[in-house]
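Below: the structure, in structure tokens.
The values are calculated or read from the model by the stated rules, or taken from the named source; none is laboratory data. Remember, it's a predicted structure, so these values are computed and weren't measured experimentally. Using ideal geometry, Cβ is built from the backbone for each residue, glycine included, and neighbour counts are taken over all protein chains shown. Only protein heavy atoms, including side chains, enter the accessible area calculation; ligands, DNA and RNA are left aside. Shrake-Rupley method; radii C 1.70, N 1.55, O 1.52, S 1.80 Å.
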Amino acid sequence: DNRLDPVHISNPLDPANAGNGARFQVAGRCATVTAAHVVKGTSEPDIFPLKSSNGPAQVRKVYPRFDAAVIWQSHSSTSNCGTLPNQSQILAAIESGNADREVRFIDAGGGERIVKVHLTGKDSFDLRLTSKDQSRSGGFRPGNSGGLVVFDGVPVGIITDAFTGNSGSATALRLDWVLNVMSDFLPQPSNAIDETPGAAVPKSRFKAFDIAQLPSDFQRVVSEARKVRKQAQTVAKEADRVKERAIEKAKPTYNLPEATVQNGVAWFEIYGDQKRTYRGEASVQGTTISNDGYGTVRNQSLDFLGNTHFCYFAPSIGCKGIGILEYGANANNTTERAWYKGSFNGSKQSGPAHIRWVDNRSGSGFVTIELWGDPNVQGPQVHRSTRSYWYEGQAKGRFNGMGVVWNDKGQVFQIGTWKNGQAVQNVTALWRAGRYRPGSLREVPIETAEE
């Protein structure tokens, strides 16, 4: 395999913190990708074997959110560097069910070690691996960070976290996301980048999150997503006002006996497949008390414990119109939602909404913690993730279709298409090199998924 060149990396400021990396060519130079913690604190790591024709090694850029770092070698010769496979090759290798999967390491003496692995999980950023050989000699070891993950001869990832205990497991940053890192060294739409090691990247003439820099087809998609976000923000503000009214009507009921209507309010238990408590405006017909107006419903059933609606309640329908559902930490809340602010028709949610998950939501990679749009319908949406990145584009709960990922500074991180949350067409490098043609992306089948 000559696509990538695995290397050993040592940190002169922390000799015990040695690791690995993968060297390849980009923008006419040799670059090495490794885990950021391998080169922590140093700007000039030692690489073995160091190809002297490629000049001294310097840490060019660190991406702490992904535990990734790029090491730059200044000379223009790339004869000793491999080439990075394209995104379609990486995706095909990751998705192959019969792939020969391994991780390659180089030790300080130049010897190569190979660990055969199983793929046990993946998302848009990471691959999760376990060693086929769980023995001390055959599995992962200290210093394995930066190891090159290869499926069917195609490099697909870089180890960022290896567990050396009995689990024999590791996490790898996907190389199709590393392609976006590499695009930092390619010409930008606004001006060229000075490739001299240590040179500052010139400021773009575009403002943060400026869609004017995008191709026309992506401008349209992002504009639609931003319109939907404004609609969802308007709905969320009204939902907050509804919650205030609901709480106001519920407060007097704490001083009332159960199922007693006074001054148009009451509280009572609702029984059925779930036990719930209603507090708020109520009406009486004969001997029947109904929720009828602004109020709250709190779920008391174990699997839904703590889920609370703040709504206008209509008799025999339930929550009607704009309102809020706040989620409890219960067995049914497997995606760790915090709240939903949107429209209801009974138990059904529909229309533009603002959804939030807990800040420390579990999971690796690009995990959504805020969404503006209708998660149940394919269409324009805006997402904010745990890694302070933003997605604007087509989605159905998860990314589906054309979209743009921005970093927290409002700079483009990736443009392309997604399917069920996975990137399938990455055109970032083409766009930055001025070679992307608007309208050239193929249609991506839409998956039914909920974030």
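Which percent of the accessible area of the range 283-342 is formed by carbon and sulfur heavy atoms (probe 1.4 angstrom)?
Values: 1470 of 2830 Å².
Percent of accessible area from carbon and sulfur atoms in the range 283-342: 52.
If amide H atoms are built 1.01 Å from N in the plane of the peptide, which residues on other chains or at least 5 residues away come under 5 Å of the amide H of LYS275?
GLN300, SER301
Let me make sure I get this right: for the range 272-331, a, b and c are the square roots of the gyration tensor eigenvalues over alpha carbons, sorted descending. Under 1.5 in a/c it's rounded, otherwise prolate if a/b > b/c, else oblate. Which is it? Please report the intermediate quantities before stating the final value.
Details: a/c = 2.65, a/b = 1.55, b/c = 1.71.
Cα axes put the range 272-331 in the oblate bin.
Determine, from the Cβ-Cβ distance of LYS230 and ALA208 and an R0 of 22 Å, the FRET efficiency 1/(1 + (r/R0)^6), rounded to the nearest 0.05.
Working: r = 18 Å, r/R0 = 0.81.
It comes out at approximately 0.80.
Please get the size of the charge dipole for the range 220-361, origin at its Cα centre, with Cβ charges of +1 on Lys and Arg and -1 on Asp and Glu, quoted in debye to the nearest 20.
My answer is approximately 720 debye.
Order HIS37, HIS354, HIS118, HIS383, most accessible first, counting only protein heavy atoms with a 1.4 angstrom probe.
Per-residue accessible area, sorted high to low, gives HIS118, HIS37, HIS354, HIS383.
Is the shape of the range 196-334 best called rounded, prolate or oblate, per the rule: a/c under 1.5 gives rounded, else a/b larger than b/c gives prolate, else oblate, with a ≥ b ≥ c the square roots of the Cα gyration tensor eigenvalues?
Prolate.
When the Karplus curve 6.51 cos²θ - 1.76 cosθ + 1.60 is applied with θ = phi - 60°, which whole-Hz ³J(HN,Hα) does each residue of the range 385-395 get, with x for Gly and Pro?
Computed from phi, the couplings for the range 385-395 are 10, 5, 9, 6, 9, 10, 10, 10, x, 7, 6 Hz.
Quick check on the range 378-448: take the gyration tensor over C-alpha atoms, sort the square-rooted eigenvalues as a ≥ b ≥ c, and tell me if it's rounded (a/c under 1.5), prolate or oblate. Let's see the in-between values first.
Details: a/c = 2.19, a/b = 1.07, b/c = 2.04.
Because a/c hits 1.5 or more and a/b fails to exceed b/c, the range 378-448 counts as oblate.
Find the accessible area per residue for the range 194-315; the probe is 1.4 Å, ligands and nucleic acids are left out, and the unit is Å².
58 Å²
Whenever you get a sec, line up GLU244, GLU224 from highest to lowest accessible area (probe 1.4 Å, protein heavy atoms).
If we order GLU244, GLU224 from most to least accessible, we get GLU244, GLU224.
Could you sort TYR436, TYR254, TYR312, TYR327 by accessible area so the largest value comes first, with the probe set to 1.4 Å?
So the residues, ranked largest to smallest area, are TYR254, TYR312, TYR327, TYR436.
Quick one: net charge around PHE310, please, counting Lys, Arg +1 and Asp, Glu -1 for every other residue with C-beta under 11 Å from its C-beta.
With Lys, Arg at +1 and Asp, Glu at -1, the net is +3.
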